[in-house]
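Report on the structure given below.
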Amino acid sequence: MPSYMKYYVNDTCIGCGLCASTCPEVFSIPNDVAVAIDADVPESSLDAAAQAQEGCPVGAIEQR
Ligand code: SF4
């Protein structure tokens, strides 16, 4: 898995909060919906971020 991976949250997010609890280093819910950090995911958070992506109930987390 490359260490330069970035994520973003598309507009289907329902703000359930799962990603932010699974991987708070990358995802947060500043308002009603989640956002991902606009930076490369730190290597130590790659597994948790991938887990958050898989766990999103609406598939709102994408890679870029
Ligand atoms: S898990 Fe998916 S739907 Fe839930 S807050 Fe995160 S991006 Fe939004």
Protection proxy ranking of 5-14, 48-57 - average other beta-carbon atoms within 10 Å, highest first: 48-57, 5-14
Helix 46-55 axis, angle to the chain major axis (alpha carbon atoms, nearest 10°): 30 degrees
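Each reported figure results from applying straightforward, stated rules to the coordinates on display, with no laboratory input. Bear in mind that the values here come from a model prediction, so they are computed numbers and not experimental data. Glycine gets a Cβ as well: all are built from the backbone with ideal geometry, and neighbour counts include every protein chain shown.
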